[in-house]
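Single-structure report; data block below.
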Amino acid sequence: MRFAVLGDIYLNDGVGLPDRQNIFSAVQEAVGPETALVGNVECALTDRKSHFPYKWASLCVKPTAVEALRALSVATIANNHAGDAGPSGLRDTVDALRAAGIGTVGYGDDLEASLEPFVLERPDGRIAFIALCCLTTNPLCLATPADPGIAPLSVQTLRRGIQNAKRKAETVVVLLHWGCEQTHYPVPDQIRLGRLAVEAGADAVVGCHAHVIQSYELYKGRWIFHGIGNFFFDAVNASLFRDGQFISTVPIEHAIRNRESLVPTFELRDGKLTLASLVLTRWQEGGAPGVYDLSEAAIRIDRINARLGAWIFRHPFKAASKAEMRLRCRLHNGFPSYDYSDLPIHGNWDVRALAAGAVRRAGRALVGLRGNRAGI
């Protein structure tokens, strides 16, 4: 049995469905037509409007967009945008995916149900997938012991989810939405939680959320990918607020590194999960992702992996910590916002990325200044 894991997927239904029917064709050709595709669907599939008006970016698309996702065998919805239309819109998303024959993971009617695995079964074995979302990416629409929602990530829930999955299948794959956006490096909590997952019985760990490729490692014979990037992410218009007042719409530009992703393909043979292949995908604006060699990535992948190894060598006790996460919390536009206690293990010093960030910040400051002058 073979399966490939795809990164963040967002389809803007305003673009036109026929233009989105072929986004999986190149990767399917590369990994083989019999390989199951597992992807992170990073939007609400619903006719409902955004439930959180002060959110920086709400990704809500019509349920008909699911037609372009039918190549997926499994969709994880444990992310920070599947609930953008609120609890009812999250349920709509689950229903739309399941009606299209796509398995879902990371959602449940309560906390215990959200940790239940989706089992992919073939004649040559079974693989159980679990998916969890870190509070730092989105503290909204999380499952509780009494409320439906997506599975929250913690040391405790991670272990419980893996234990549940081990009872359903011989092989367990953990899909995590975590880390900081726009950085190629994980925070220390990602490193130690990935390793904790392996120690708890996971056969592979694959993460998303950063919107760029992050480092990865082989730990105790199991692969841990901290972030595989955007597989396909249509253009997004974000909303800028100040003190609860709408100021302006800000288009989010996709740099080259935001249009790239890793696609790890795993193979289960004789009860052992191995990495069969690892390819790079990239798309241009308006085009479907193509497949490339890892050496063609915008970031030196060997370099970010070397820095990961160096950090682990210098901080063995942090990498091995089994303590529960400690997050910093603040209120932003009336909603709780969580941050990691530590920064990513290395700063991003790419000149083009720094320049682009400076331009975006200057643009936001200019928009805010105009808003103040207008009395907003």
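FYI, it's all coordinate maths here, none of it is from the lab. Nothing here was measured: the structure is a model prediction, and the numbers come from that model. Here Cβ is always computed from backbone atoms with ideal geometry, including for glycine, and neighbour counts include all displayed protein chains.
Site-free segments of the chain were taken between GluC sites (Glu not before Pro) in DSSP loops having at most 15 other Cβ atoms within 10 Å, sites themselves excluded; the longest one is 35-169. Loop-located trypsin sites (Lys or Arg not before Pro) in the stretch 130-231 (DSSP state other than H, G, I, E, B) with a sparse environment of at most 13 neighbouring Cβ atoms within 10 Å: Arg167, Lys220. Of Leu45, Leu175, Leu111, the residue with the greatest mean-square motion in the GNM of the chain, using alpha carbon springs below 10 Å, is Leu111. Here is the list for the stretch 17-82: trypsin sites (Lys or Arg not before Pro) lying in DSSP coil, each with at most 13 other C-beta atoms within 10 angstrom of its C-beta, are Lys49, Arg70.
For Phe317 and Lys62, compute 0.36 nm times the residue count separating them, minus their Cα-Cα distance, and round to one decimal in nm. The partial results should precede the final answer.
On the way: separation 255, 0.36 × 255 = 91.80 nm, distance 4.71 nm.
So the extension gain works out to 87.1 nm.
Only the Cβ atoms of Lys and Arg (+1) and of Asp and Glu (-1) were treated as charged; on that basis the dipole of the chain about its Cα centre amounts to roughly 1100 debye. Of the three principal axes defined by the Cα atoms of the stretch 1-122, the extents in descending order read 42, 37, 24 Å. Here the Gaussian network model covers the chain, with springs between Cα atoms less than 10 Å apart; of Thr104, Thr249, Thr171, Thr249 fluctuates the most. The tail of the calculated P(r) for the chain beyond 41 Å holds 7 percent of all Cα-Cα pairs. Would you mind checking the pairs Lys220/Lys322; Lys166/Lys272; Lys168/Lys318 and listing those with alpha carbons more than 20 angstrom apart? As for pairs spanning more than 20 Å Cα to Cα, those are Lys168/Lys318.
Restricting to the stretch 44-181, compute how many DSSP beta bridges are antiparallel as a %, nearest 5. Among the beta bridges of the stretch 44-181, antiparallel pairing accounts for roughly 35 percent. With Cα atoms as the point set, the stretch 250-314 shows a radius of gyration and Dmax of 15.5, 51 Å. Taking the chain as a Gaussian network, where each spring joins two C-alpha atoms under 10 Å apart, which residue of Leu115, Leu176, Leu59 fluctuates the most? Maximum among the listed residues: Leu59. Whole-percent P(r), the stretch 143-284, all Cα pairs, 10 Å bins from 0: 11, 33, 32, 18, 5, 1.
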